[in-house]
Amino acid sequence: MALTTTPDMGKIFAPLMHEHDYVIDEVEGELPRELTGTLYRIGPGKWEVGRTLMHHLFDGDGMVSQFSFDGRSVRFRNRYVRTPQFRDGMVAGQARKPGVGTALPGGFWVNFAKSKGPANAANTGVAVHADRLLALWEGGPPYRLDPDTLETFGVEDFSGRLKGMLKAFSAHPKWDPVTGEMFNFGQEFAPFPSLNCWKVDRQGRMRRLAKVRMLNMPWNHDVALTSEHMVFVLDPYMFDLRTMLSGGAIFDAIRHRPEKGTRFVLVPRNGGPARIIEHETLVHLHVANAFEDGTDTVVDMVLFDDFDAIRRDLTQFRTRFPGLPSSRLMRYRITPSGRVIETQLADLPGEFPQYDWRRSTRQHRYTYMAGRTGPSGQYDTVLKVDNDTGRTQLHETGPHTYVGEPIFVPRTPDAAEDDGWLLAVVYLAAEHRSQLSILDARGLEHVATLRLKHHLPFGFHGTFTSRVADPGAPIPHPDRLPIR
């Protein structure tokens with residue numbers, strides 16, 4: 001009797017050591033001719049910097065993947081962002097700076113005083129704004145890339161705005177589809193803990209919208225945007241000074257302090273003091289859309305049951321596949337009196353919430369997520385939540401698969417909110433390779449599957465632009481890339 005083995009899901013963390021450029025020739029189904037533009041995805045491509053093993057998902061070298069749709073075919077490219085950490089791995093053979101979850105030998109001096117913070121891995125978010133392609137990492141400035149070749153041009157400091165203590169620019173910017181402006185934030189922990197709120201106009205000119213000082217500044221990962229406010233949900237992920245002084249990694253110093261509660265912070269887009277509303281403790285990483293409803297401000301997000309389980313998933317990926325704790329999509333309505341009304345929108349576990357970005361800052365009906373049907377295990381299902389009726393539709397990708405963040409692309413510029421496609425990268429453990437799945441967003445029916453010749457390592461976020469990347473643009477030689 002033949003023995004069968006269970007495919008190793010952990011191989012999704014195997015490094016991708018080649019930079020590819022080819023037309024995807026293995027297509028199942030029919031590629032929509034109306035689907036034109038470019039999908040960019042980002043995540044760590046490897047968690048080794050030379051001989052140094054990185055021990056946190058956020059510490060791997062950033063790699064951008066590009067799927068260029070011209071209406072007839074899809075061309076794939078991937079390139080590593082040429083950061084100093086990437087260069088150290090290729091030239092020095094070891095990491096010269098710590099990561100957010102990887103401490104180097106030498107204690108406090110090496111990991112904090114000398115290094116002046118962890119290495120910018122440029123691996124978490126990717127954005128297109130003012131004809132710029134940006135690779136984002138929340139502890140520092142973004143890196144600017146060529147949208148065709150993915151060549152690294154260097155650090156983008158927005159004409160010197162991101163300098164010194166103000167260098168942080170989050171991995172989760174938000175856009176106002178009416179004004180075309182991009183909003184983002186950066187956290188400043190010394191000498192006075194502050195949230196720096198940024199606004200970038202259509203031409204790429206940035207100014208600081210507000211500086212919100214607060215004691216007990218927690219680590220924060222995301223922000224939401226309405227027509228009136230930047231909306232922060234600050235859970236009590238606090239830094240322990242003793243752990244930092246002992247020379248441990250920054251992420252090791254984060255402690256969940258439920259007794260301190262969660263704070264909703266509403267920062268007016270047009271000036272004025274921020275409004276802070278105290279609330280019982282919540283646990284989340286990502287928010288979805290937000291909007292104003294009369295005099296109320298509404299924000300949707302994925303609520304988790306357990307912060308310590310999230311910590312384990314982020315730091316123990318080398319020994320166990322992340323099975324994020326149980327979660328559910330929630331809505332929080334903040335009234336003028338400071339009352340917060342909580343509503344559950346869906347009960348199936350999911351993460352990486354997405355929606356039709358044309359509905360940003362306005363009430364939206366549908367939320368899309370990577371999810372699952374059981375309480376534990378990997379995300380192997382695309383979820384579509386109807387926020388009005390509570391109905392959740394499912395598209396399951398099969399056993400031993402992992403579904404990444406689904407990105408919505410409208411069929412036409414003026415199509416209905418759910419009239420378009422969902423694009424999701426899916427890892428196939430049995431074949432140790434990945435595919436791009438295209439689903440009809442209306443009913444989650446399969447439209448087409450584009451199979452890559454290799455796997456894509458565990459990734460984070462993506463974006464889609466109607467601009468078709470030039471398939472004829474040559475990829476430059478890495479030795480000629482400027483690195484700053």
State yes or no: is R87 at pLDDT below 95 and either within 18 Å of E156 (Cα to Cα) or in a helix (DSSP H, G or I) (or both)?
-> yes
Which of the residues belonging to segment 248-284 are crowded, with 19+ Cβ neighbours inside 10 Å, in contact with a strand residue (DSSP E or B) (Cβ under 9 Å, 6 or more places away or on another chain) and part of a loop (DSSP other than H, G, I, E, B)?
-> I250, R269, L282, V283, H284
Tell me, please, whether a residue that is free of Cβ contacts under 8 Å to residues at least 24 places away in the same chain, touching a Pro at 6+ places or on another chain (Cβ under 8 Å) and surrounded by fewer than 18 Cβ atoms within 10 Å (Cβ to Cβ) can be found in segment 232-240.
-> yes
Would it be correct to say that F183 is out of contact with any Leu (no Cβ under 6 Å at 6 or more places or on another chain) and touching a residue at least 24 places away in the same chain (Cβ under 8 Å)?
-> no
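Listed residues P353, P336, P325; which is part of a loop (DSSP other than H, G, I, E, B) and within 20 Å of the chain's Cα centre (by Cα)?
P325
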Segment 29-53: number of residues that are loosely packed, with under 12 Cβ neighbours inside 10 Å and either at pLDDT 95 or above or closer than 24 Å to P410 by Cα (or both) = 2
Residue list for segment 147-191, filter: among the aromatic types (F, W, Y) and in contact with a helix residue (DSSP H, G or I) (Cβ under 8 Å, 6 or more places away or on another chain) = W175
Of the conditions (1) surrounded by fewer than 20 Cβ atoms within 10 Å (Cβ to Cβ); (2) free of Cβ contacts under 8 Å to residues at least 24 places away in the same chain; (3) over 20 Å from V231 (Cα atoms), T412 clears all except one; give me its number.
-> (2)
Per the filter on segment 170-203, residues basic (K, R) and closer than 20 Å to G140 by Cα are K174, K199
Residue that is farthest from R202 (Cα to Cα) [pool: residues in segment 99-155 that are of a type in the set (S, T, N, Q) and assigned to a loop (DSSP other than H, G, I, E, B)] | T102
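For segment 175-187, which residues satisfy the criterion of being of a type outside the set (S, T, N, Q), surrounded by 14 or more Cβ atoms within 10 Å (Cβ to Cβ) and out of contact with any Lys or Arg (no Cβ under 6 Å at 6 or more places or on another chain)?
Across segment 175-187, the qualifying residues are W175, D176, M182, F185, G186.
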Answer with yes or no whether K167 is of a type outside the set (G, A, S), at pLDDT 95 or above and surrounded by 18 or more Cβ atoms within 10 Å (Cβ to Cβ).
-> no
Does D414 fit the bill of being assigned to a loop (DSSP other than H, G, I, E, B), of a type in the set (D, E, K, R) and under 24 Å from T343 (Cβ atoms)?
-> no
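Yes/no per residue for (1) at pLDDT below 95; (2) within 16 Å of D222 (Cβ to Cβ); (3) touching a helix residue (DSSP H, G or I) at 6+ places or on another chain (Cβ under 9 Å); (4) among the aliphatic types (A, V, I, L, M):
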{"position": "N289", "(1), (2), (3), (4)": "no, yes, yes, no"}
{"position": "V302", "(1), (2), (3), (4)": "no, yes, no, yes"}
{"position": "I310", "(1), (2), (3), (4)": "yes, yes, no, yes"}
{"position": "R318", "(1), (2), (3), (4)": "yes, no, yes, no"}
{"position": "L329", "(1), (2), (3), (4)": "no, yes, no, yes"}
{"position": "E351", "(1), (2), (3), (4)": "no, yes, no, no"}
{"position": "P375", "(1), (2), (3), (4)": "yes, no, no, no"}
{"position": "D380", "(1), (2), (3), (4)": "no, no, no, no"}
{"position": "D388", "(1), (2), (3), (4)": "no, no, no, no"}
If you go through segment 176-188 one residue at a time, do you hit one that is in a strand (DSSP E or B), more than 30 Å from D414 (Cβ to Cβ) and more than 19 Å from the chain's Cα centre (by Cα)?
-> yes
Segment 356-409, residues that are in contact (Cβ under 8 Å) with a residue 60 or more places away in the chain and either more than 26 Å from A224 (Cα to Cα) or of a type in the set (A, V, I, L, M) (or both) | M369, Q378, V382, H400, Y402, I407, V409
How do the pairs read when you match residues in segment 131-153 that are of a type in the set (S, T, N, Q) and buried (at least 24 other Cβ atoms within 10 Å of the Cβ) with residues anywhere that are part of a strand (DSSP E or B) and at pLDDT 95 or above, using Cβ under 8 Å and keeping only pairs 6 or more apart or on different chains?
-> T152/R79; T152/Y143; T152/R144; T152/L145
Filter segment 188-215 for residues that are of a type in the set (S, T, N, Q) and crowded, with 17+ Cβ neighbours inside 10 Å; which is farthest from L241 (Cα to Cα)?
-> N196
Contact list, first residue from segment 443-458 and assigned to a loop (DSSP other than H, G, I, E, B) and crowded, with 17+ Cβ neighbours inside 10 Å, second anywhere and modelled with pLDDT of 95 or more and of a type in the set (F, W, Y), beta-carbon distance below 8 Å, six or more apart or interchain, is L452/F76; H455/Y427; L456/Y427; P457/F13; F458/F13; F458/Y402; F458/Y427
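For every residue, the table says whether it meets (1) of a type in the set (F, W, Y); (2) within 30 Å of L104 (Cα to Cα); (3) part of a loop (DSSP other than H, G, I, E, B).
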{"position": "P15", "(1), (2), (3)": "no, yes, yes"}
{"position": "E19", "(1), (2), (3)": "no, yes, yes"}
{"position": "Y22", "(1), (2), (3)": "yes, no, no"}
{"position": "L39", "(1), (2), (3)": "no, no, no"}
Within segment 431-442, identify whether any single residue is at pLDDT 95 or above, touching a strand residue (DSSP E or B) at 6+ places or on another chain (Cβ under 7 Å) and either in a loop (DSSP other than H, G, I, E, B) or of a type in the set (V, I, T) (or both), and answer yes or no.
-> yes
Return the residue satisfying two criteria in turn: it lies in segment 285-302 and is charged (D, E, K, R) and over 14 Å from E351 (Cα atoms), and of such residues it is surrounded by the fewest Cβ atoms within 10 Å (Cβ to Cβ).
-> D293
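The values are calculated or read from the model by the stated rules, or taken from the named source; none is laboratory data. This one's a predicted model, so the numbers in the text were calculated from it and none came from an experiment. Using ideal geometry, Cβ is built from the backbone for each residue, glycine included, and neighbour counts are taken over all protein chains shown.
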